[in-house]
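Working notes for the structure below.
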Amino acid sequence: MNGEKLLHIDDKLTLRLEKSSVVAENLVVSTLNVDGQVDTLVDGREVEKDIYHDKSQMAAVSVTEQDGAVEVSGALSHTLRIAPLPLMGRSEDGRIANDN
């Protein structure tokens, strides 16, 4: 698959993920603190490197691979969310626990 990932969530949901792209190469992120507004320049390529989407499922997720495991967080559909539960450890087959 050209830049795509196939992500099997359960028997009812499999996502065909395509690479997502941010609008700009550089982004300005503005935050407010007690001293006022702070603007930070962020590399858009770094932000988008792990971001994927599935248009048909209305899914947008971050997918990272580490130590032979895949970690997924984000929206699986307009009603389902997924996030890793790192304190739960891994299952017998090495999967990271997820809250979905």
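The values are calculated or read from the model by the stated rules, or taken from the named source; none is laboratory data. As the structure is a prediction and not an experimental result, all values here were calculated from the model. We place every Cβ from the backbone using ideal geometry, glycine too, and count neighbours over all the protein chains shown.
Restricting the first residue to region 23-50 and requiring it to be on the phi > 0 side of the Ramachandran plot, which pairs with a second residue that is modelled with pLDDT of 95 or more and surrounded by 10 or more Cβ atoms within 10 Å (Cβ to Cβ) meet a Cβ separation below 8 Å and a spacing of at least six or different chains?
none
Considering only residues that are polar (S, T, N, Q) and under 17 Å from Ser20 (Cα atoms), look in region 61-87 and name the one that is surrounded by the fewest Cβ atoms within 10 Å (Cβ to Cβ). Outline the logic, then answer.
Here is the first cut: in region 61-87, the residues polar (S, T, N, Q) are 62, 64, 66, 73, 77, 79.
Now narrow it down to the ones that are under 17 Å from Ser20 (Cα atoms): 62, 64, 73, 77.
Working: Ser62: 17, Thr64: 12, Ser73: 16, Ser77: 14.
Checked region 61-87; the qualifying residue surrounded by the fewest Cβ atoms within 10 Å (Cβ to Cβ) is Thr64.
If you take the residues of region 21-53 that are outside any strand (DSSP E or B), of a type in the set (Asp, Glu) and surrounded by 11 or more Cβ atoms within 10 Å (Cβ to Cβ), which of them is nearest to the chain's Cα centre (by Cα)? I'd like the intermediate steps shown before the answer.
Pass one, region 21-53, residues outside any strand (DSSP E or B): 21-25, 34-35, 44-50.
Narrowing further to those that are of a type in the set (Asp, Glu): 25, 35, 46, 48, 50.
Right, trim to surrounded by 11 or more Cβ atoms within 10 Å (Cβ to Cβ) and you get 48, 50.
Numbers: Glu48: 9, Asp50: 6 Å.
It comes out as Asp50.
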